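The values are calculated or read from the model by the stated rules, or taken from the named source; none is laboratory data. This one's a predicted model, so the numbers in the text were calculated from it and none came from an experiment. Cβ coordinates were reconstructed from backbone atoms using ideal geometry, including for glycine residues, and neighbour counts include every protein chain displayed. Accessible surface is based on the protein model in full, side chains and every heavy atom, while ligands, DNA and RNA are left aside. Shrake-Rupley method; radii C 1.70, N 1.55, O 1.52, S 1.80 Å.
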Amino acid sequence: MTNYTLKVTEIRRETDDTITLCFKQPGLKKIKYIAGQYLTLIFRINGRRYIRPYSFSSCPGVDSFLEVTIKRVENGLVSNHINDMVKVGDSIEAMPPMGDFIFEPNDDLTDVYFWGVGSGITPLISIIKHILNSTEHINVHLNYGNKNQETTIFKDQIEALKTNYAERLTIRHFHTKLVLDEGNPYLIQGRIDQAKALSILDAKLDPNCCSHYICGPTGLKESVKSAIQTKFGRLINVYSEDFELVKDPKDFIDIHTQQIALTFEGKLHKLEIAKGKTILEAALDADIELPYSCQTGNCSTCKGKVMNGAIKMIGLTKERNDLEEDEYLLCCSHPLTENVQIEIQN
Ligand SMILES: Cc1cc2nc3c(=O)[nH]c(=O)nc-3n(C[C@H](O)[C@H](O)[C@H](O)COP(=O)(O)OP(=O)(O)OC[C@H]3O[C@@H](n4cnc5c(N)ncnc54)[C@H](O)[C@@H]3O)c2cc1C
Ligand code: FES
């Protein structure tokens, strides 16, 4: 995989804790991407390499820059580094675009619902711009949760879309810290929960003619899925993106601290994998620069072959039929037995 070096051309402040980095397309080899995919940025901070994926907030064919939007995470290394340190003119290394959270067109579609919270808006706005720009008949419903107006990312961009596509775009803002505006039925107090999602879904719609894109915390995903199931009797055309791996402590009952052997670039490493840590995290802590990107079990960049012993993957939310029986994603892998041996084959 050949990486790119991208120049920061503009930095746009979205909210107090969120900025958008705008990159010019590289001169020689343009980056091709699909709305909803992500760009993986690579940084060296205090001598250590950090890799983080950020969904494109720009849309090909609509925006001329490549744009990613980064919200600070409390105690987060890279998100704060980007917000504090990156300047216009900086060059940043990036992997080629990846991701399968993209618009899935079908001839019957009349309505597409988007459900997002906080920075989860980034892939959604990219797909929304794509649909509004490239189709003429699809209605778009954006349901977007935030604390209040001030923390709402892309507030002005969403308003501009509303003006340009008034007949096809419906926007509902959900604010947990609402300043009441009784004249506005599209500003709703509280989180997007199951009851609110149910009240938004139109029972008259044929479930085959609508689709749903969800990006936000687990609670949002569960609420929306449960509302769709209740309203339409089945989950159909539902797509989601996770920014973080969610782990259930119950899955760790049979996991113990283990020593493993890991072969990477022809070199053998002995590693201790503390209970709770993934094999990828332990390797990175030991300064072994394994390949990775999403850290959510989505992209396969961290794939390893298990030559001996048993491994358990924890936190995967999507079925992975593309892995061989002895292949594991190290970003969600934990050793189950002694004598685990892994080989990374490039
Ligand atoms: C496919 C994909 C697309 C993404 N797109 C975006 C995007 O468009 N914009 C964006 O701002 N972020 C996005 N993220 C999240 C981003 O990649 C980083 O995980 C995030 O910036 C935190 O990194 P960090 O180094 O600051 O935090 P770390 O130092 O890695 O983590 C610090 C602490 O924060 C927790 N944490 C990690 N990520 C999150 C999170 N997203 N929310 C809350 N807590 C978290 C960790 O569990 C840890 O406890 C995306 C993630 C994925 C997998
Ligand atoms: S880093 Fe993407 S699947 Fe592990």
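Brief remarks on what is shown
- Computed about the Cα centre, the dipole magnitude for region 249-343 is approximately 220 debye when only Lys and Arg (+1) and Asp and Glu (-1) carry charge, each at its Cβ.
- Heavy-atom SASA rank of 77, 316, 271 (probe 1.4 Å, accessible area, largest first): 77, 316, 271
- Cβ-based net charge around residue 206, under 14 Å, with every Lys or Arg adding one and every Asp or Glu removing one: -1
- Compactness of region 111-241 - radius of gyration and Dmax, Cα, Å: 13.8, 37
- Region 255-292 and region 19-44 have Cα centres spaced 30 Å apart.
- Lys, Arg +1 and Asp, Glu -1 on Cβ, resulting dipole of the chain about Cα centre, debye, nearest 20: 520
- Local electrostatic count at residue 45 - Lys and Arg +1, Asp and Glu -1, tallied over other residues with Cβ under 14 Å: -1
- The alpha carbon convex hull volume per residue for region 196-316 rounds to 140 Å³.
- With all protein chains in place and a 1.4 Å probe, the accessible surface of region 23-147 carries 50 percent carbon and sulfur.
- Within a Gaussian network of the chain (alpha carbon springs, distance under 10 Å), most fluctuating of 18, 176, 40: 176
- Set against the 2.2 N^0.38 Å expectation for a compact globular protein, region 4-98 has a Cα radius of gyration ratio of 1.01.
- For the options 98, 85, 313, a Gaussian network treatment of the chain with springs between C-alpha atoms closer than 10 Å singles out 85 as fluctuating the most.
- Alpha-carbon spread of region 249-343, three principal axes, descending order, Å: 31, 28, 23
- Under Stokes-Einstein, with the Kirkwood radius over Cα pairs as Rh, the value for region 72-171 at 37 °C and 0.692 mPa s is 208 µm²/s.
- Selection among 134, 73, 2 by position relative to the dipole of the chain gives 73 as farthest towards the positive end (Cβ unit charges, Cα centre).
- Each residue, residue 199 and residue 257, gets one label point 7 Å from its Cα in the Cβ direction; the gap between the two is 5.1 nm.
- Between 152, 15, 135, the Gaussian network model of the chain with springs among Cα atoms under 10 angstrom shows the greatest mean-square fluctuation at 135.
- Residue pairs exceeding 23 angstrom between C-alpha atoms, taken from 267/305; 32/247; 147/204; 225/247: 32/247; 147/204.
- Alpha-carbon geometry of the chain: the Rg and the Dmax are 21.3, 67 Å, given in that order.
- Efficiency of FRET between residue 87 and residue 247 - r from beta-carbon atoms, R0 25 angstrom, step 0.05: 0.10
- Rounded accessible area per residue of the chain, 1.4 Å, Å²: 49
- Its Cα centre serving as origin, region 1-152 has a Cβ charge dipole (Lys and Arg +1, Asp and Glu -1) of approximately 860 debye.
- Per-peptide packing, taken as the mean over residues of other Cβ atoms within 10 Å, places 238-244, 7-13, 144-150 in the sequence 238-244, 144-150, 7-13 from highest down.
- Straightening the chain between residue 163 and residue 10 buys 52.6 nm, computed as 0.36 nm per residue apart minus the Cα-Cα spacing.
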